[in-house]
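To start, the structure itself, in C-alpha cells.
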Amino acid sequence: MITLLALFSCTDKGPDDVADSGHITHDSGLVDSDCTPTDGTRVHTDGDGDGYGDPDDYWNVCDPGDDAVFDGTDCDDDDYDLDNDCSPGFEGTYTGTFEVEGTFDGTYSDSCSASGTVEVNEDGEISGTMTCSFSILGTQAADLTGESAEGEIVVGSIFTDTWTGSWTAPGVLEGTFEGETTYSGFDIEYSGTFEFER
C-alpha cells in the first residue's frame, strides 16, 4: 500500500509540478503565491508504508495532514522491512540460481545449473543446500555457507572452495568462485556464480 503523505485539497501533483490550487511545490522552484518552499513543510512519499519517506521524492505542503511523513531517511522505500537503518537487516529466506562450469584436462567440459534457497540469520550467517546435475559428473549436492559476503562452497566430493560476493542491494546476494582440483584422475578447472534474492 502506498501512503500519500500529504492530505490536502491539491491534485495533479508531480515531481516538477505545482498543483492547480497552489498548495504544493517540489524543490524545482516552481511555486505559487499560496505556498512557497519557505512557507510550506516538506513531506515525503512513503511507498512501503513503514513511516519513513523516500529522500528523493518530496514536496512542500502548506497544510500537511495527520498522516504526512516528514522523515525522509528510508534507504529502500519499496521494502517495509528496511526503514532508516540501511545497515544489514538481511535476515530471511533467499531464492535464486547457482551455476558451475568445469573443464577436464583442458579438453572436456561439463556444467550444472540449479535453483534453490539459502537462509540468512540475524547474525548474517548464510547456509543452504542445492542439487546440481552435471552431464558427466552426475548429480551433486552443493552446500553454500558463509557470513556477510564470503564463505565456503562444497560441491559433492569434487571440490571445496571459498567464495566471495557482495550485497548488491539489502535483499540480493551475489557471489563467485573458481579454482582447480583433481577428481577421478582428471585435472579440473572450475568456476561458478550464484545470485539469491529475498
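The values are calculated or read from the model by the stated rules, or taken from the named source; none is laboratory data. These numbers come from a predicted model, not from an experiment. With ideal geometry, Cβ positions are generated from the backbone for all residues, glycine too; neighbour counts draw on all protein chains shown.
Pairs under 6 Å by beta carbon, first residue assigned by TED's automatic domain parsing to the domain that holds F98 and within 13 Å of V120 (Cα to Cα) in the stretch 139-159, partner part of a strand (DSSP E or B) and among the acidic types (D, E), six or more apart or different chains?
Taking only residues 6 or more apart or on different chains, the pairs are T145/E152; E147/E125.
Can you name the residue in the stretch 127-145 that is crowded, with 16+ Cβ neighbours inside 10 Å and over 16 Å from E178 (Cα atoms) and, of all such residues, is farthest from the chain's Cα centre (by Cα)?
Checked the stretch 127-145; the qualifying residue farthest from the chain's Cα centre (by Cα) is L137.
Return the pair list, or none, for Cβ contacts closer than 7 Å from residues in the stretch 166-191 that are in the same structural domain as E125 (by TED's automatic domain parsing) to residues that are exposed (fewer than 15 other Cβ atoms within 10 Å of the Cβ) and not in a strand (DSSP E or B), at least 6 apart or on different chains.
These pairs meet every condition: F186/D105; D187/D105.
Take Y108 and tell me if it is aromatic (F, W, Y), at pLDDT 90 or above and within 17 Å of the chain's Cα centre (by Cα).
Against the criterion (aromatic (F, W, Y), at pLDDT 90 or above and within 17 Å of the chain's Cα centre (by Cα)), Y108 does not qualify.
Restricting to the stretch 51-69, name every residue that is at pLDDT below 80 and in a loop (DSSP other than H, G, I, E, B).
Answer for the stretch 51-69, where residues must be at pLDDT below 80 and in a loop (DSSP other than H, G, I, E, B): C62, D63, P64, G65, D66, D67, A68.
When the residues of the stretch 81-100 are narrowed to those that are crowded, with 16+ Cβ neighbours inside 10 Å and farther than 19 Å from S148 by Cα, which ends up modelled with the lowest pLDDT?
Result: D83.
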